[in-house]
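A.B. asks: Sharing a structure below in structure tokens format, with a few things to ask.
FYI, it's all coordinate maths here, none of it is from the lab. In this text the structure is predicted, and so the values were computed from the model without any measurement. Note: ideal-geometry Cβ built from the backbone for every residue, glycine included; neighbour counts use all protein chains shown.
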Amino acid sequence: MDYKLKYNEETIALAVETAGDGRLSATLGDKKMDVAFERISENRMRLVVDGRQTLAFVAETSDGKIVMVDGRTFLLADERATGTRPRSGAASGPKLVTPPMPAVVTQILVAQGQTVEKGQGLLVVSAMKMDTILTAPFAGVVTRINVAEGEKVAPKQVLVDIEPSAADAAGEEAHNG
Amino acid sequence: MFKKILIANRGEIAVRIVRTCQEMGIATVAVYSDADRQALHALSADEAVPIGPAEPSQSYLSIDRIVSAVKQTGAEAVHPGYGFLAENADFAARCEQEGIVFIGPPAEVIRSLGDKITARQIMQKSGVPIIPGMLEAAHDPAAWVARAEAIGFPLLIKASAGGGGKGMRIVLAPADLAEACRAASREAAAAFGDGTVYLEKFLPKSRHVEIQILADRKGHTIHLFERECSIQRRHQKIIEETPSPALTPALRAAMGRAAVAAARAAGYVNAGTVEFILDPEGRFYFLEVNTRLQVEHPITEMITGLDLVRHQIEIAAGRPLALTQEDVSRRGHAIECRIYAEDPEQNFMPSPGRIAFFQEPTGPGIRNDCGVYAGFEVPVEYDPILSKLVVHAETRELAIRRMIRALKSYAVLGVKTPIDFLLDVLASAPFQAGETYTDFIATHFADWAPERQALELAAVAYLADAMAPKARPAGRAAQAAHPGPWHTLKHWRL
């Protein structure tokens with residue numbers, strides 16, 4: 001069986017054979033690994049890879065599976081599960097006004113109906129004593145402010161809607177074409 | 001001795017203070033905000049009092065609410081920890097008025113040392129070396145230019161009321177001075193309500209070395225050696241160690257004497273830290289006094305075998321210091337790594353969230369002062385520190401190896417941490433050679449990316465986890481899978 005795991009922007013392709021007896025062999029490129037594995041608990045796996053024993057820690061999250069081995073932590077996701085979703089970041093990400101981490105809105109710097117320049121500060125969010133200014137991804141008019149000061153917000157949540165100005169929208173289309 | 005102490009703080013430091021109180025037979029009161037109802041510190045004390053909303057100004061920073069929690073529970077003393085109200089002279093003064101013992105220095109000492117210009121004046125008068133620069137406030141550009149010429153460039157603008165890097169600017173050339181002063185002053189006014197700034201010489205290649213002091217109410221003052229805290233990001237320390245790889249015995253003795261002189265000059269009482277900048281030629285200059293228990297105090301505890309919180313409480317209770325300078329000795333080497341909920345790949349951006357899995361390192365010479373647990377939701381409202389991992393070993397080299405082993409076995413899944421980053425710093429040649437200057441991260445780790453060697457193994461672990469069936473413990477089914485003695489023995493009769 002073939003697996004494609006995503007790690008940041010790259011794909012790790014593995015060909016896997018298993019007899020369902022707690023053993024598997026995985027091929028990555030020209031490297032083949034024989035693995036014996038056993039679940040110790042929900043978050044702990046014992047692995048014996050080519051004779052060397054390792055304890056791995058795993059935890060499921062909404063973005064994939066966090067795996068820690070040899071003191072190193074990775075977020076991995078099955079590409080089949082994530083493949084149909086739009087790639088976060090590349091296309092949609094920078095166009096939305098959304099906080100980079102869970103945070104509290106401390107200050108709103110613009111009003112509905114206001115015309116804003118690209119890069120203009122829209123609101124300030126604070127997480128763990130650190131302030132971050134969220135800026136307009138393009139020039140346009142603020143059509144809606146979806147949050148109030150003091151409100152808790154999370155990544156992917158759109159805090160301010162902006163209608164791009166005509167010039168900016170045209171430029172964007174040219175860029176996409 | 002006190003019968004009951006209220007701890008006006010949260011997280012790992014509140015938990016750490018509770019532990020010493022328990023050993024001393026003193027009852028403890030924790031306070032918690034709405035965000036911390038299930039925080040470890042609130043669960044650790046004998047009593048826990050809600051003090052308001054998550055917003056710090058309405059809970060942990062609210063003097064009225066803390067004082068009323070003290071009255072309500074009948075505590076005799078307050079330990080402020082670090083941060084929040086720990087260096088707030090108004091809070092210490094209020095405690096004094098209300099007949100509550102503040103475990104720290106007198107309010108007036110906090111006030112004068114909290115103002116950096118005043119602190120520089122005190123130190124200069126008592127012969128403690130200070131960084132060349134201004135000893136009085138100046139508010140107009142003409143005065144700044146005149147003083148800057150005397151000091152020379154590069155120079156540093158600092159906020160007199162400042163801390164944590166706010167209101168601080170490095171100025172390389174005279175043309176940038178006026179605008180930088182105005183910007184620093186605005187930032188300081190916004191952060192501290194006081195826009196006073198002053199200028200001092202900027203020492204680019206330097207180390208941050210601080211001396212721990214203890215002083216009792218009779219003025220008996222000793223030092224407990226140094227801590228080197230040069231590895232910093234955003235002017236905040238992330239790795240500290242003692243002894244400093246840069247100090248000779250003669251320099252250590254000289255800095256210790258200077259710190260004791262500084263404490264005496266300020267009329268200092270209780271535990272405190274005198275911070276110095278050390279240049280590559282071995283010249284040291286007074287930076288500031290931290291009038292509280294320091295975050296990194298555990299490394300001093302490891303090498304001296306002393307419990308600093310116990311000494312703080314005894315001094316606050318009026319007991320004389322039982323130690324003389326000659327009684328204090330040190331042994332081995334200790335290192336602390338601060339484990340924050342933050343993402344070293346994203347410029348150390350905070351990373352709050354739920355901790356899905358948590359396993360602390362254990363073993364010889366390892367201590368983890370921790371304020372979280374698996375399942376805890378790390379709040380966005382507060383400082384992102386999760387724990388402080390501390391090791392103690394015979395030599396610096398062995399302490400580094402011990403820290404690497406401890407970090408490798410520290411599993412924090414669900415929030416980002418700098419554990420990977422810290423591993424690479426400790427394993428790096430410049431750190432191992434003791435070339436630890438305050439520009440260390442910018443110089444050696446500006447373009448850091450996580451080590452990938454274990455990625456293939458992680459992919460294999462992913463597959464194994466996907467293939468191994470998970471037990472689904474659900475109520476009675478789980479009980480049947482792990483029958484306890486009360487189930488298996490129920491048909492027994494004696």
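A.B. asks: In debye, nearest 20: dipole of the stretch A:95-176 around its Cα centre with unit charges on the Cβ of K, R (+) and D, E (-)?
C.D. replies: In debye, rounded to 20, the stretch A:95-176 gives about 300.
A.B. asks: In Å, what is the Rg of the alpha-carbon atoms in the stretch B:139-245, and how long is Dmax?
C.D. replies: Cα-based Rg and Dmax for the stretch B:139-245 come out at 16.8, 51 Å.
A.B. asks: Follow-up question, since we're still on this one. Whole-Hz ³J(HN,Hα) for each residue in the stretch B:373-386, computed from phi via Karplus 6.51 cos²θ - 1.76 cosθ + 1.60 with θ = phi - 60°, x for glycine and proline: what do you get?
C.D. replies: For the stretch B:373-386, the Karplus curve yields 7, 4, x, 6, 8, 6, x, 7, 7, 10, 3, x, 6, 9 Hz.
A.B. asks: May I pose another question? Which three lengths, in whole Å and largest first, does the stretch B:207-444 cover when its Cα atoms are put on their principal axes?
C.D. replies: Principal-axis extents of the stretch B:207-444 (Cα, largest first): 50, 42, 33 Å.
A.B. asks: Moving on. Cβ under 10 Å from A:Leu96's Cβ, A:Leu96 left aside: what net charge do those residues give with Lys, Arg +1 and Asp, Glu -1?
C.D. replies: +1
A.B. asks: What percentages, rounded to whole numbers, describe P(r) for the stretch B:132-201 computed over all alpha carbon pairs with 5 Å bin width beginning at zero?
C.D. replies: Going out from 0 Å in 5 Å bins, the stretch B:132-201 shows 4, 21, 33, 27, 13, 3 percent.
A.B. asks: Another question, then. What is the Cα radius of gyration of chain B over 2.2 N^0.38 Å, N being its residue count?
C.D. replies: For chain B, the normalised Cα radius of gyration comes out at 1.05.
A.B. asks: Students often forget the sequence filter, so: which lysines lie under 19 Å Cα-Cα from B:Lys4 once same-chain residues fewer than 8 apart are removed?
C.D. replies: B:Lys71
A.B. asks: Follow-up question, since we're still on this one. How long are the semi-axes of the ellipsoid equivalent to the stretch A:2-82, from square roots of 5 times the Cα gyration tensor eigenvalues, in whole Å, largest first?
C.D. replies: They are 19, 17, 12 Å, listed from largest to smallest.
A.B. asks: In addition: Translational diffusion coefficient of the stretch A:95-176 at 10 °C, 1.306 mPa s, Stokes-Einstein with Kirkwood Rh over Cα pairs, in µm²/s as a whole number.
C.D. replies: 123
A.B. asks: Something else now. Can you tell me the Rg and Dmax of the stretch B:4-103, counting just the alpha carbons, in angstroms?
C.D. replies: 11.9, 33
A.B. asks: Then there's this: Could you derive backbone 3J(HN,Hα) for the stretch B:346-362 from the dihedral phi with the Karplus parameters 6.51, -1.76 and 1.60 (θ = phi - 60°), listing whole Hz in sequence and x where the residue is Gly or Pro?
C.D. replies: Per-residue couplings from phi come out as 10, 6, 6, 5, x, 9, x, x, 8, 7, 7, 9, 8, 9, 7, x, 9 Hz.
A.B. asks: For a quick check of your reading of the filter: which trypsin sites (Lys or Arg not before Pro) in the stretch B:25-72 sit in a DSSP loop and have no more than 16 other Cβ atoms within 10 Å?
C.D. replies: Sites meeting the loop and neighbour criteria: B:Arg37.
A.B. asks: Continuing with this model, one more query. I need two numbers for chain A: Rg to one decimal and Dmax as a whole number, Cα atoms only, in Å.
C.D. replies: Computed over the Cα atoms of chain A, radius of gyration and Dmax are 22.5, 66 Å.
A.B. asks: Right, next: Of the listed pairs A:Lys156/B:Lys237; A:Lys156/B:Lys416; B:Lys116/B:Lys201, which have alpha-carbon separations greater than 26 Å here?
C.D. replies: Exceeds cut-off: A:Lys156/B:Lys237.
A.B. asks: Percent antiparallel among DSSP beta bridges with both residues in chain B, to the nearest 5?
C.D. replies: 80
A.B. asks: Is there a quick way to get the dipole size of chain B? I mean about its Cα centre, with the Cβ of Lys and Arg at +1 and of Asp and Glu at -1; what is the value in debye to the nearest 20?
C.D. replies: 1100
A.B. asks: Please state the equivalent ellipsoid semi-axes for the stretch B:176-319: what are the square roots of 5 times the Cα gyration tensor eigenvalues, largest first, in whole Å?
C.D. replies: Equivalent ellipsoid semi-axes, largest first: 28, 20, 15 Å.
A.B. asks: Using only alpha carbon pairs under 8 Å that are at least six residues apart, calculate the relative contact order of chain B and give it in whole percent.
C.D. replies: Relative contact order comes out at 13 percent.
A.B. asks: With the dipole of the protein assembly as shown worked out from charges on the C-beta (+1 for Lys and Arg, -1 for Asp and Glu) around the Cα centre, which of A:Gly150, B:Leu278, A:Val67 lies farthest toward the positive end?
C.D. replies: Working it through, the farthest residue towards the positive pole turns out to be A:Val67.
A.B. asks: Still on this model: Suppose the Debye formula is applied to equal point scatterers at every Cα of the protein assembly as shown; what is log10 I(q)/I(0) at q = 0.10 Å⁻¹?
C.D. replies: Calculated log10 I(q)/I(0) at the listed q: -1.09.
A.B. asks: Let me ask another. Could you state the number of Å between the C-alpha centres of the stretch B:186-238 and the stretch A:15-39?
C.D. replies: Measuring centre to centre over Cα atoms gives 54 Å.
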